[in-house]
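Student: This is the structure I want to talk about, given as C-alpha cells.
The values are calculated or read from the model by the stated rules, or taken from the named source; none is laboratory data. What you are looking at is a predicted structure, and each value in this text was computed from that prediction instead of being measured. Positions of Cβ are backbone-derived with ideal geometry, glycine not excepted, and every protein chain shown enters the neighbour counts.
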Amino acid sequence: MLKKILTALLMIFGLSFAVYAQESSSIRLEDLIKEALQNNPQLKAAKNQFLSKQTKVKQVTAWDAPQVGIELFQLPVQSFPNPLKNNMETDYFVQQMIPFPGKLSAMGLSAANNAKMYEEQFYALKNRIIRDLKSSYFELYFVQRKIEINKENQELLKQFIEIALKQYQVGMGKQPDIIRAQTELSSLLNEEVNLYKEKKDVETMLNTILNYPPYQPFDEVGEISEEIPGFTYQQLLPVAVSNRPELKGMNFNIDMYKSELKASELEFYPDIMTRLMYKNMTDTRNDFWSAMVGVNIPIAFWSNDKYGGKVEENELNIKTAEEQFNSMKNMISYEVQNAVVKLETNRNLYNLNKNTIIPQAEQTLQSTLAAYKTGKTEFLMLIDAYRMLFMAKLDFYMSEMHLMQTKAQLEQAVGLPINAIVEKIK
C-alpha cells in the first residue's frame, strides 16, 4: 500500500515538474517587453536626453552671475610693478545685471515645453520599440511553427514512402512514386536548413531590440490565443489624436515657440545694470560709497534689427510647427485607417484558414490517402493533397502572425494598448 502511495506521489510530482518545465521553457511577450524597456539603448538615450532638457529650465531662469572687481586710480609709473604702491584711490565694487521682469519666466516656459516635447518623443520611441518587438516576436512564432510543420511533413512523407513501397511490392504501385516521395522529402530537408537560418535572423533582430548578445537563442513561443475586438476608423481617430505622443510633442513644440516669441518681444524692454562701489581714498580718512544704475537701449536703430529679426523668426517657427502638427495628424489618420483595414482583412483570413480551408484540406488528404491505398487514385493526387494541406497550415499561421502584428501596429497608431483603447471608446 505504501509503495503504491509513493508511486502515485512520484507520478504527481513528475507531472507537476514536467508542466513547470514546459511553462518555464516558453518565452512570454510581457517579459520581453519589460526587458526591452529596461535595456534598449535607444530608449535609454532618449530618456537621458529629455532628462537633460529638464535641467535647462533652471539654467535659463537663473540670473547671470554677479561681477566683483577692484579699480586702482592714479598709479605712478615709478611704482611699477607693484600696483598698490603710492596709488591715490582703490575702488571695490560688485555689479549685477537684472533682466526685465517676465524675460526669464518666458525663457523658462520655453525650456519646460522643449523638455516636455522630448519626453513625448521618448514615449513615441517606446511605443515603436514595443511594436517592433511584438512584430519580431510573432515572426519568431511563425518561423517556429513552420519548422514544426516541416518536421511533421517529413514524418508524413516517410509514411508515404512506406506505403508506396508496400504498394509497389504487391504490384499496385509504381517505382516513380517512391522516387517522387523521396525527392519531396529531400526538398523538406533542404527547406529545414533554410528555416533554421531564418529563425536565427529573427532571433538576431529580437536580440538587437533587447540589447542581448546577437546569437542568443530563444525558447519556444507558446500558442497565441487572444481575442481582438473590432474597431472603426471613426472610433479610433479621436483617441489617436488625443493620445499619440508625436502629436503631444508637437503641441509642446508650438508652445515652446510661442514662449520664445514672448521672450523675444520682451527683448525690446531694457535690462537693468546695478553697481555698488566702495572708494578707499589713500591720503584721507574720508572714504566713500557710490551706486550706479544703468539700462541697455535695445531700441537703438543699429540694434533694432537684431531684436525685430528674432521676433519674426519665432513667428515663422510657430507657423512651421503648426503645419508640421497638421501633417503629422494626417499621417496618423492614415496609419489608423490602414491598421483598421489590415486588422479586419487578417482577421477574415485567419478565420477562413482556421474554420474552412484547413479542415477541408485535412479531409481531402485523408480521403486521397485512403483511395491510394486501395489503388483508386494516383500517387500524384496524394502529393497534391499533401501540398494543399501543407500550404493551408502555412497560410493559417501566416495570417495569425499578420493578425497579431497588425494589432501591435494598431496600438502604436493609436498610442495605447488594446485594453486602454477599449476603455477610451466605452
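Student: Can you tell me which residues in region 298-329 are of a type in the set (D, E, K, R) and touching a helix residue (DSSP H, G or I) at 6+ places or on another chain (Cβ under 7 Å)?
Tutor: Result: Lys310, Glu315, Glu322, Lys329.
Student: Of the residues Met250, Met256, Met277, only one is aliphatic (A, V, I, L, M) and in contact with a strand residue (DSSP E or B) (Cβ under 9 Å, 6 or more places away or on another chain); which?
Tutor: Details: Met250 fails: in contact with a strand residue (DSSP E or B) (Cβ under 9 Å, 6 or more places away or on another chain); Met256 fails: in contact with a strand residue (DSSP E or B) (Cβ under 9 Å, 6 or more places away or on another chain).
On inspection, the qualifying residue turns out to be Met277.
Student: Looking at Gln405, Gln337, which one is in contact (Cβ under 8 Å) with a residue 40 or more places away in the chain, farther than 29 Å from Gly222 by Cβ, within 29 Å of the chain's Cα centre (by Cα) and assigned to a helix (DSSP H, G or I)?
Tutor: Matching residue, one of Gln405, Gln337: Gln337.
Student: Right, here's the next one. Within region 263-277, is even one residue closer than 30 Å to Glu423 by Cβ, touching a residue at least 40 places away in the same chain (Cβ under 8 Å) and among the small types (Gly, Ala, Ser)?
Tutor: Of region 263-277, the ones closer than 30 Å to Glu423 by Cβ are none.
No, region 263-277 has no match at all.
Student: Here's a follow-up. If a residue has to be at positive phi and over 20 Å from the mean Cα position of the chain (by Cα) to count, how many in region 205-221 make the cut? Walk me through it before giving the result.
Tutor: Start the filter on region 205-221 by keeping residues that are at positive phi, which leaves 211.
Add one more test, that the residue is over 20 Å from the mean Cα position of the chain (by Cα), and what stays is none.
So the count comes out to 0.
Student: What number of residues within region 210-221 are exposed (fewer than 15 other Cβ atoms within 10 Å of the Cβ) and part of a strand (DSSP E or B)?
Tutor: To start, the set of residues in region 210-221 that are exposed (fewer than 15 other Cβ atoms within 10 Å of the Cβ) comprises 213-217, 219-220.
Keeping just the survivors that are part of a strand (DSSP E or B) gives 220.
Residues meeting the conditions: 1.
Student: Looking at (1) under 32 Å from the mean Cα position of the chain (by Cα); (2) of a type in the set (Val, Ile, Thr); (3) at pLDDT 90 or above; (4) not in a helix (DSSP H, G or I), which is the one condition that is false for Ile224?
Tutor: Result: Ile224 passes all but (3).
Student: Given the condition touching a residue at least 40 places away in the same chain (Cβ under 8 Å) and farther than 19 Å from Phe231 by Cα, answer yes or no: does some residue in region 357-367 qualify? Can you show your working first?
Tutor: Step one: filter region 357-367 for residues touching a residue at least 40 places away in the same chain (Cβ under 8 Å), giving none.
There is no residue in region 357-367 that is touching a residue at least 40 places away in the same chain (Cβ under 8 Å) and farther than 19 Å from Phe231 by Cα.
Student: Filter region 232-247 down to the residues that are under 23 Å from Asn348 (Cα atoms) and either touching a helix residue (DSSP H, G or I) at 6+ places or on another chain (Cβ under 6 Å) or small (Gly, Ala, Ser) (or both), then identify the one that is surrounded by the most Cβ atoms within 10 Å (Cβ to Cβ). Outline the logic, then answer.
Tutor: Of the residues in region 232-247, the ones under 23 Å from Asn348 (Cα atoms) are 232-237.
If we keep only those that are either touching a helix residue (DSSP H, G or I) at 6+ places or on another chain (Cβ under 6 Å) or small (Gly, Ala, Ser) (or both) too, we end up with 233, 235-237.
Values: Tyr233: 14, Gln235: 15, Leu236: 23, Leu237: 18.
The qualifying residue surrounded by the most Cβ atoms within 10 Å (Cβ to Cβ) is Leu236.
Student: Answer yes or no: is there a residue in region 106-122 that is in contact with a helix residue (DSSP H, G or I) (Cβ under 7 Å, 6 or more places away or on another chain), in a loop (DSSP other than H, G, I, E, B) and in contact (Cβ under 8 Å) with a residue 24 or more places away in the chain. Steps first, please.
Tutor: Initially, region 106-122 is screened for residues in contact with a helix residue (DSSP H, G or I) (Cβ under 7 Å, 6 or more places away or on another chain), giving 106-122.
The next check asks that each one be in a loop (DSSP other than H, G, I, E, B); those that pass are none.
No, because not a single residue in region 106-122 is in contact with a helix residue (DSSP H, G or I) (Cβ under 7 Å, 6 or more places away or on another chain), in a loop (DSSP other than H, G, I, E, B) and in contact (Cβ under 8 Å) with a residue 24 or more places away in the chain.
Student: Also, I was wondering about something else. Write out, first by first residue and then by second, each pair whose Cβ atoms fall under 9 Å of each other, whose residues are 6+ apart or on separate chains, and whose first residue, in region 371-399, is under 17 Å from Glu184 (Cα atoms) while the second is at pLDDT below 75 and basic (Lys, Arg).
Tutor: As it stands, the answer is Glu378/Lys174; Phe379/Lys174, since those pairs meet every condition given.
Student: So, one more: Residue by residue through region 232-285, note down the ones that are of a type in the set (A, V, I, L, M) and within 30 Å of Lys426 (Cα to Cα).
Tutor: Looking only at region 232-285, we keep the residues that are of a type in the set (A, V, I, L, M), and these are 236-237, 239-241, 247, 250, 254, 256, 261, 263, 266, 272-273, 276-277, 281.
Leu236, Leu237, Val239, Ala240, Val241, Leu247, Met250, listed by residue number.
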